[in-house]
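Bear in mind that the values in this text are calculations on the coordinates, not laboratory data. Values in this document were obtained by computation on a predicted structure and should not be read as measured data. Note: ideal-geometry Cβ built from the backbone for every residue, glycine included; neighbour counts use all protein chains shown.
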């Protein structure tokens, strides 16, 4: 038996009921079915239903009352309550179904690994469908209908598209997956990694040994699942591996990326991302390596992003695809009026989109200056003029275009990470784009006028964008502006999850612009409640204990009475900082205790400010102790 004998994917629409069951009869190693619903936190349900039940009750899987879970099993705060906890699961026949194999459980009859058919599904509460997949599906339907109506009413300046020829609006989306891989139980050499990054030793370098094997196998397996992988390569982070006497790599710590083809169904795009994470993790595990998809697993070193690409196109009545972001003349213009409206809408509303993209402490740890990650709300269009394309990697969201490949014109959002809820993030971005498209098309403005507004300087009047802000930069925003200038021009980045979600109440009018029947405010509020609960719990029960361990580990190394006054002075400062962070005294509580006290009182403003102070002082402690410990020998 080889893995070529296995079936990996059941493509949407390729088989009817009889075809699916006939295929499964030919593969008795597929012994289970799992209905995969995605809650608001991005968690996927995974249960083991015997395949015999699927054969006997096939039709019931597409009835939202046949299978249930409860509110304690999924993250739907404020919706699935203790008194109304029932959540029904309904299979989705409109997307690909994947088979997940367990190499640790071999079917004795076939000699093949036991498989589970994972069917993406919707979650329904008494108040309606409330899962991430249904939110994105409904949002795309809503936005598509709205855009089609706008185009038919106003047309698209900068193009010669006849709106009567449009059959339907489509949304092209794709994600890129970055991750860290390491030898199990390996200690992280942060300063070695930092030095390697600054010297650019790793980016796009050749992979070796078991890492090469695992990366190649990952690309091969993604292909078997129908993902159409485009490449796998090394990213910026990592250190050179160590080799034992037998020539095997024994010390692996590298950052990698894999990419695959876009889809014209955003729900399928997000489904693929979840499946890809499983594939990557399993393949590297089979090769004895650990994988982490954390946004910032190692402080002081580049984090892992999941750049998300999205475009808007139309299928014409003759079957042809047209990219609606493109102007007729791509050499003299960047975008159509619809394209300008899309980016203006996202930028204007990003304060209230951001919480749904970066909803964890880990995600915000990545979004700091110096690591090729965006920190402010700004775009680049790929150059000062359309005929001289560039690529500005310092912005939040950039235009990607190639005159030779007009169908591929799209925007790339650089803020998401591998644990961003892609369903929710894409939905919010398209809702933001829709608001801008409404303005751009209904205003009757030319593409030149829209470009001028997008390129405005702070203080210049604008009909749609805010007067005191700038929104476009074709230069590196880190090199050309200091912190104060960036904050003034493009807005100040939130430092904590609490600061990020406060934007929803600070800018209620922006939230009102995006909320609709497809993505209701009550669901946005549920997302917020879940994220803030996780933030507070993680802060108290994970971050503070981890920091306390680091404080305790920073021990005195020099002997009492040591004549080296410099070491004594350094240790005195370190110990004072340790006390300030983690030791209560008769005079005052430590920062750790103050945070716990604020959380207990639901005083999130104080807890958030103290968290920022704690983070800064922990960085100081790390630097000071490194300097002290490497001198005290």
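Things to note:
- Computed from label points 7 Å out along Cα-Cβ, the spacing between residue 106 and residue 223 is 2.6 nm.
- Angstrom value of the Kirkwood radius, inverse mean 1/r, which spans all Cα pairs in the stretch 395-507: 16.5 Å
- The stretch 511-565 versus the stretch 95-138: alpha-carbon centroid distance in Å: 32 Å
- The structure-derived value of P(r) over Cα pairs in 10 Å bins from 0, in percent appears in the list (i) 3, 10, 12, 10, 9, 8, 8, 8, 9, 10, 7, 3, 2, 1, 0; (ii) 3, 14, 23, 26, 20, 10, 3, 1, 0; (iii) 3, 13, 20, 23, 19, 11, 7, 3, 1, 0 under the label (ii).
- Most tightly packed first, judged by the mean number of other beta-carbon atoms within 10 Å of their residues, the peptides 119-131, 539-551 read 119-131, 539-551.
- Neighbour-count ranking [beta-carbon atoms within 10 angstrom, fewest first] of 368, 157: 368, 157
- Averaging the sequence gap over all C-alpha pairs within less than 8 Å and six or more residues apart, then dividing by the number of residues, gives the stretch 533-629 a relative contact order of 28 percent.
- Per-residue ellipticity at 222 nm computed for the chain from its helices equals -12500 deg cm²/dmol, with DSSP H segments shorter than 4 residues left out and the rest contributing -39,500 (n - 2.57).
- Whole-angstrom gap from the stretch 36-65 to the stretch 432-453, using each part's C-alpha centre: 43 Å
- Extending 7 Å from Cα along the Cβ direction at residue 442 and again at residue 393 yields two label points whose distance is 4.0 nm.
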